[in-house]
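Notes follow once the structure below has been shown.
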Amino acid sequence: MANIGYMQLVRHCNQYCRFCSNPETPYVLDLVTAQREIDDFVKRGYFGIILTGGEPSLSPLVPDITRYAVERGLHVRMITNGSKIADPETAQRFVEAGLRHYHVSIHSCRADVEDFLTGVKGSFELALRALTNLQAIDTAERASGGAGVTVNINTVINSFNCDHLDETVRYFVERFPFIRHFVWNNLDPSMGRAETNRDTAHRLRDFEVSLAGAMRFLAQAGRTFRVERVPLCFMVEFAHCSTETRKIIKGEERIVHFLDDKGTVRQTDFRHPKAEACRHCSLNEICGGLFELGDWYDLDELAPVFVPKEPIIRRVLAGEV
């Protein structure tokens, strides 16, 4: 198992994404508390941690927290909008501290769509500058025999990008060939700003063709990907790439240290609501269902499929990516 813990460093942000599920709080993580959380992850045998927020790069403690975690033997990643590492010196400082894996949140390759979704004009260009900086560091380090850096693209599927997910991955693979991994998170329309901004909510069928095209392109291009909060009946061909399915099969857990009233949450069950039809689906036991806390998505969109689950289980347990 490769359990990874989540640590919120801050809850404020320099963007105002229309679908953000982590509304701002005044709390920030101090170094002593961060070290205590890291020590706990080490005792639990976790593989690593993900620094998140808000926008975690706004915390002045990123290098200190990273160094401490690396010294304790943990792999460190950060989910970021890229705005701070658009500065080359900041990017270099983070990498030198041991932060060598970045999930850069970009939701569209169309600048006007990206800026609209983030609520900040110019956010798309900042993200591109961040990727350019990280690619330059990666190239320089690998040329001198170093390990380089790893960059993933994180995308929240919503009504404004669900028709061009394939276009977006093609754009980034072509422009930044060092990016090898993509992650899609299906929108939770009943939390945070998405609950107010109903124009961001889509139906499951709205992304089906675009997501399938994106996954097939990445597979053919030799890239890897993960899909979160999408039921397997919408991704049968790549069921082994479902985050929930992989955790269910491998029996993984996830601990998140929130900076709000939720506090610390340990999640061991990755199954969510399902339709009556799911009882007849051959993949029911390994499907996470439909992550939905409200009533936007229609469970009637879920339909049983009849393919064997054993090959999927074997692929996951074999470590196939």
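The values are calculated or read from the model by the stated rules, or taken from the named source; none is laboratory data. The model shown is predicted, which means the values in this text are computed figures rather than measured ones. Here Cβ is always computed from backbone atoms with ideal geometry, including for glycine, and neighbour counts include all displayed protein chains. Quick note on the areas: whole protein, heavy atoms, side chains included, nothing else; ligands and nucleic acids left out. Shrake-Rupley method; radii C 1.70, N 1.55, O 1.52, S 1.80 Å.
Would you mind classifying the chain by shape? Square roots of the alpha carbon gyration tensor eigenvalues, ordered a ≥ b ≥ c; an a/c under 1.5 is rounded, otherwise it is prolate if a/b is larger than b/c and oblate if not. Could you put the intermediate results ahead of the total?
Details: a/c = 1.39, a/b = 1.31, b/c = 1.06.
Since a/c stays below 1.5, the shape of the chain is classed as rounded.
With respect to the chain, whose longest principal axis is taken over its alpha-carbon atoms, helix 88-97 is tilted by about 80°.
Sites listed here are chymotrypsin sites (Phe, Trp or Tyr not before Pro) in segment 29-118 whose DSSP assignment is loop and whose Cβ has at most 16 other Cβ atoms within 10 Å: 47.
With contacts defined as alpha carbon pairs under 8 Å and 6 or more residues apart, what's the relative contact order of segment 16-97 in percent? It rounds to 31 percent for segment 16-97.
Can you bin segment 163-321 into rounded, prolate or oblate? Criterion: square roots of the alpha carbon gyration tensor eigenvalues sorted a ≥ b ≥ c, rounded for a/c under 1.5, prolate for a/b above b/c, oblate for the rest. Rounded shape, in that the Cα axes give a/c under 1.5. Rounded to the nearest 10 degrees, what's the angle between the helix 123-143 long axis and the longest principal axis of the chain, both from Cα atoms, 0 to 90? Taking the Cα atoms of the chain, the angle to 123-143 is about 70 degrees.
Please tell me which of these pairs span more than 28 angstrom C-alpha to C-alpha: 274/309; 121/262; 121/274? Result: 121/262; 121/274 exceed 28 Å. Note on segment 71-112: dipole from Cβ charges, positive end direction compared against 91, 106, 73; the farthest Cα belongs to 73. Simple point charges give the picture: +1 on the Cβ of Lys and Arg, -1 on the Cβ of Asp and Glu, and for the chain a dipole about the Cα centre of about 820 debye.
For the chain, report the accessible area per residue in Å² (1.4 Å probe, heavy atoms, rounded to an integer).
Per residue, the chain has an accessible area of 44 Å².
Helix content alone sets the calculated 222 nm mean residue ellipticity of the chain: runs of n ≥ 4 DSSP H residues at -39500 (n - 2.57) each, divided across all residues, give -10000 deg cm²/dmol.
Once you reduce segment 172-248 and segment 71-149 to the center of their Cα atoms, the two points are 20 Å from each other. Express as a percent, rounded to the nearest 5, the fraction of DSSP beta bridges in segment 1-143 (both residues included) that run antiparallel. Counting DSSP beta bridges with both partners in segment 1-143, the antiparallel share is about 10 percent. Computed on the chain, with alpha-carbon pairs under 8 angstrom and 6+ residues apart, the relative contact order is 17 percent. Mind pulling the angle between the C-alpha long axis of helix 165-175 and the longest principal axis of the chain? Nearest 10 degrees, somewhere in 0 to 90. Relative to the chain, helix 165-175 is tipped by roughly 30 degrees. Here segment 4-228 exposes an accessible surface that is 50 percent carbon and sulfur, computed with a 1.4 Å probe and the other protein chains kept in place. For segment 89-154, which trypsin sites (Lys or Arg not before Pro) are both in a DSSP coil and crowded by at most 15 other Cβ atoms within 10 Å? The qualifying sites are 121.
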